[in-house]
Amino acid sequence: MPAGKRFSVACIGAGNVGATVAQYCLDMELGDVVLVDVVEGLPQGKALDLTEAGPVRGYSCVAIGTNDYSDIAGCDVVVVTAGLPRKPGMTRLDLVEKNGKIISEVCENIGRYAPESVVIIVTNPLDVMCYLALKRLGFPPRRVVGMAGILDSARLRSFVAAELGVSMKNVDTMLLGSHGDQMVPLPRYTTVSGVPITQLMPKERIDALIKRTREGGGEIVALLKTGSAFYAPGASVARMVQCILHDERQIVPCSAYLTGQYDMKDVYIGVPVRLGKGGVEEILELELTDEEYAALKASADDVREGIEGLRKIGLL
Ligand code: APR
């Protein structure tokens, strides 16, 4: 690293999602980026390529790639995408074990070299990996947050916009719960220029769009065949980085550590948070129907099962 240079954002894992986070962060001029990976040459090559795009795209932020964690020293935000995807034949617990080991190693290094950072976890299974990261890092819970809700809501927003033939910019949504199957959508809080979609389309269409959102990750895996989504996940992480670095305090759905909110504690789950310089500055408690609350609780129980899995294999 150049002497005296301070980088703003570190991406641990320079694969598809990590490199795309870096790309968006540079393009949005959020700051200089460090890409870290265990594979030699991969982060260096991608960082050089991204920096060389600067003159054409009009940004002056730069990226460096490294295999040395000490280069993340001083970063305000550390994004963790290091991990393996779930492969056919792998159980949920297999994935918890494989990625749990990687997250433990990564957190040891973040704790050592960027102890004041806000950490955004992306590695799946998301809420379980957030919990492990929190326990391994020993940071205050507000500084360990997971990315899922912005991605799920972006998918739903894009589907609603296409269905109604309106701009995606006019569509807002809020959803809770775990990433994927256990997502808890809130059609009442999904609006087009302030009008709830429950007034704009029949229930069957809303249900169909929600189903597609729930299965959004799988739809892309089925098309790509090798690998999973990375553009929308990368953009979602970059938006979180922006909220934190610019102290925006926007309300966004993120995986956060509950300490009694929604009558639950000691678990990570997707909830609306106020995201600013300190990380998760507040968890908002929405009024839920009995059905929505039951779905959120089921989602949290599922995460607890994963946490139990971490205990069984001795990672907690
Ligand atoms: N330290 C640093 N990097 C690591 C480590 C480690 N201990 N272990 C693995 N990596 C790196 C790999 O070398 C690889 O470059 O993590 C990167 C992961 O990149 P991809 O395989 O391209 O995966 P990606 O599509 O980016 O997804 C990463 O995000 O959305 C989730 O489920 C997804 O958990 C997965 C993660």
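The values are calculated or read from the model by the stated rules, or taken from the named source; none is laboratory data. Just so we're clear, the structure is a prediction, and the values are computed from it rather than from any experiment. Neighbour counts are summed over all protein chains in view; Cβ atoms, including those assigned to glycine, are modelled from backbone coordinates with ideal geometry. Only protein heavy atoms, including side chains, enter the accessible area calculation; ligands, DNA and RNA are left aside. Shrake-Rupley method; radii C 1.70, N 1.55, O 1.52, S 1.80 Å.
Summary table below
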read-out: Förster radius 45 Å - calculated FRET efficiency between Thr259 and Val166, Cβ distance, rounded to 0.05; value: 0.70
read-out: Largest-first ellipsoid semi-axes for the stretch 8-146, taking √(5λ) over the Cα gyration tensor eigenvalues, angstrom; value: 25, 17, 12
read-out: Carbon/sulfur fraction of accessible area - the chain, other protein chains in place, 1.4 Å, %; value: 52
read-out: Beta bridges per DSSP with both ends in the stretch 35-192, % antiparallel, nearest 5; value: 35
read-out: Accessible area (Å², per residue) of the stretch 149-312, counting only protein heavy atoms and a probe of 1.4 Å; value: 48
read-out: Euclidean distance of C-alpha centroids, the stretch 67-81 and the stretch 251-275, integer Å; value: 25
read-out: Cα centroid separation - the stretch 85-127 against the stretch 203-250, whole Å; value: 19
read-out: Residues whose placed amide H lies under 5 Å from that of Ala10, excluding near-sequence neighbours; value: Val34, Val77, Val78, Val79
read-out: For the stretch 289-297, 3J(HN,Hα) per residue [Karplus equation, 6.51 cos²θ - 1.76 cosθ + 1.60, θ = phi - 60°, Hz, x = Gly/Pro]; value: 6, 4, 5, 5, 5, 4, 5, 5, 5
read-out: Residue-by-residue Karplus 3J(HN,Hα) for the stretch 118-132, coefficients 6.51, -1.76, 1.60, Hz, glycine and proline x; value: 9, 10, 10, 8, 10, 4, 8, x, 3, 5, 5, 5, 4, 4, 4
read-out: Prolate/oblate/rounded label for the stretch 149-312 (Cα gyration tensor, a/c 1.5); value: rounded
read-out: Per-residue [θ]222 nm for the chain (sum of -39500 (n - 2.57) over DSSP H runs n ≥ 4, rounded to 500); value: -14000 deg cm²/dmol
read-out: Placed amide H near Glu282: partners under 5 Å, 5+ positions off or other chain; value: Arg274
read-out: Karplus (6.51, -1.76, 1.60) ³J(HN,Hα), θ = phi - 60°, over the stretch 232-242, in Hz, Gly and Pro reported as x; value: 5, x, x, 5, 5, 5, 4, 5, 5, 4, 4
read-out: Using alpha-carbon coordinates, inclination of helix 92-113 to the longest axis of the chain, degrees; value: 50
read-out: Cα-only Debye scattering, the chain: base-10 log of I(q)/I(0) at q = 0.08, 0.13, 0.16 Å⁻¹; value: -0.34, -0.93, -1.39
read-out: Solvent exposure of the stretch 8-146 as accessible area per residue, Å², 1.4 Å probe; value: 40
read-out: Amide H contacts of Gln250 (H built 1.01 Å from N, under 5 Å, at least 5 apart or other chain); value: Leu275
read-out: Extended-chain gain in nm, criterion 0.36 nm per residue less alpha-carbon gap, Leu48 and Ala208; value: 53.3 nm
